[in-house]
Amino acid sequence: MQQQVRAEEVTIHQVEKEHEVKVQEAEIQRRERELTATVLKPAEPSGSASRPCGSEKQRLIIEAEGMRRPFARRRSGSGNHLQEGEAEAKA
């Protein structure tokens, strides 16, 4: 009788270990899917993400025009800056 009880305990222990291994494998697969979704996919460049959308494009245009204005004012001074700069470069 005691041998039969011991054999059943061993069988139960084996079944519990097998179940634990299956749970761990499922957790590994879940973690891999999670990492793929949160790390790998966002790191991949997508066509639309690299190009600015409408409002972002408009903001970039306005910002670029704002940066261009001071240069345009400097150029409009005497009008000879380009020629003066070339003369200095040659000298």
Is there any pair linking a residue in segment 1-29 that is free of Cβ contacts under 8 Å to residues at least 24 places away in the same chain to one that is surrounded by 10 or more Cβ atoms within 10 Å (Cβ to Cβ) and not aliphatic (A, V, I, L, M), with Cβ under 9 Å and at least six apart or on different chains, and which?
-> none
Can you name the residue in segment 16-43 that is modelled with pLDDT under 90 and among the polar types (S, T, N, Q) and is also nearest to the chain's Cα centre (by Cα) among such residues?
-> THR38
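The values are calculated or read from the model by the stated rules, or taken from the named source; none is laboratory data. All values reported here derive from a predicted model rather than from experimental measurement. Because the Cβ atoms are built from the backbone with ideal geometry, glycine has one as well, and the counts that use them run over all protein chains shown.
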